[in-house]
1. Given the stretch A:46-130, what helices (runs of 4 or more DSSP H) lie entirely inside it while holding 3 or more residues that are more than 7 Å from chain B (Cβ to nearest Cβ) and crowded, with 16+ Cβ neighbours inside 10 Å?
2. Which of the residues belonging to the stretch B:42-83 are closer than 21 Å to A:Val123 by Cβ and hydroxyl-bearing (Ser, Thr, Tyr)?
3. Going through the stretch B:55-77 one residue at a time, which ones are near DNA strand D (Cβ under 8 Å from one of its atoms), among the polar types (S, T, N, Q) and more than 16 Å from the chain's Cα centre (by Cα)?
4. Regarding the stretch B:22-32, can at least one residue be identified that is among the aromatic types (Phe, Trp, Tyr) and within 16 Å of DNA strand C (Cβ to nearest atom)?
There are 2 protein chains.
Amino acid sequence: MDEREPLSPDMFDPACPSSVAPFRIADKWGGLVILCLQDGPRRFSELRIPLPRVAPKVLTETLRALERDGFITRTAYAENPPRVEYQLTPLGRTLLPAISACREWAADNFDALLAARDRYDGVPGAEAAA
Amino acid sequence: MDEREPLSPDMFDPACPSSVAPFRIADKWGGLVILCLQDGPRRFSELRIPLPRVAPKVLTETLRALERDGFITRTAYAENPPRVEYQLTPLGRTLLPAISACREWAADNFDALLAARDRYDGVPGAEAAA
DNA sequence: AGCCCCGCTTACTTCAACGTAACTAGGCTC
DNA sequence: GAGCCTAGTTACGTTGAAGTAAGCGGGGCT
């Protein structure tokens with residue numbers, strides 16, 4: 001009658017990989033920063049170009065979090081003007097397929113998501129567009 | 001000297017799929033709920049089994065958010081006892097590959113992430129374990 | 001001297017997500 | 001009529017991420 005497997009008793013069982021999901025990968029901007037680093041090391045001010053809406057404070061926090069998680073390294077050069085380079089580690093690179101999968105999903109389906117939201121929220125014209 | 005492409009001027013250009021990332025897919029528990037629904041419709045109390053640490057209020061909020069985004073449908077049956085079923089929509093199913101990719105990453109690399117954190121935080125013994 | 005650049009830091013505020021606990025409604029059974 | 005069931009709701013408080021605005025330190029330029 002029901003061919004579905006019973007649901008596991010606790011997804012937070014440490015043995016269950018799903019338990020990881022709530023331990024979010026870094027923060028709101030982490031994925032974007034990782035994408036910016038995929039072609040090679042980048043400097044702080046270089047990262048600010050594609051992310052102009054991210055305040056320096058937030059960017060610093062994001063970079064520190066990514067460093068803490070072992071996804072990037074931070075290298076400061078005692079030059080003039082000072083230079084700091086951020087670079088993906090091998091562990092950081094392992095994230096690229098997953099992030100790309102999310103990006104690909106977004107490219108394909110984000111419009112549908114927004115349309116669904118409009119429909120749910122009763123935005124005028126959303127029904128017609130559905 | 002530098003073979004890397006220059007970084008795009010603004011990832012928040014609406015034309016750029018990366019701009020989606022900060023519009024998080026639902027919330028902290030959304031991905032887990034979607035996984036729970038992949039084998040077929042589930043009831044509210046059924047979903048609570050694998051997610052015992054999620055308060056009913058939060059589960060309700062999560063389900064509403066997923067419904068709003070068009071990922072699941074909610075169907076209430078006027079039976080006794082009352083029954084409500086949540087089910088993935090086709091759009092919701094499109095998320096499964098991306099979520100699976102994240103899950104797979106976690107299964108493979110979560111230990112490395114935790115070890116990196118311990119090293120960064122200077123947890124005793126973390127160096128030896130590295 | 002005064003200004004710029006770089007890579008931040010600091011202080012403060014705002015906001016949404018998350019969580020706890022208690023409670024509800026309608027119908028069922030004991 | 002006491003208590004259970006389902007599927008929530010309500011009130012309240014906590015937390016932490018994010019944003020705003022400003023400043024800093026050291027060198028170089030003019």
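Any read-out appearing in this document is the output of simple, stated calculations on the displayed coordinates, not a laboratory observation. Remember, it's a predicted structure, so these values are computed and weren't measured experimentally. Please note: Cβ atoms are built from the backbone with ideal geometry, for glycine as well, and neighbour counts cover all protein chains shown.
1. A:56-68, A:96-121
2. Correct list: B:Thr73 only.
3. Across the stretch B:55-77, there are no qualifying residues.
4. There is at least one residue in the stretch B:22-32 that is among the aromatic types (Phe, Trp, Tyr) and within 16 Å of DNA strand C (Cβ to nearest atom).
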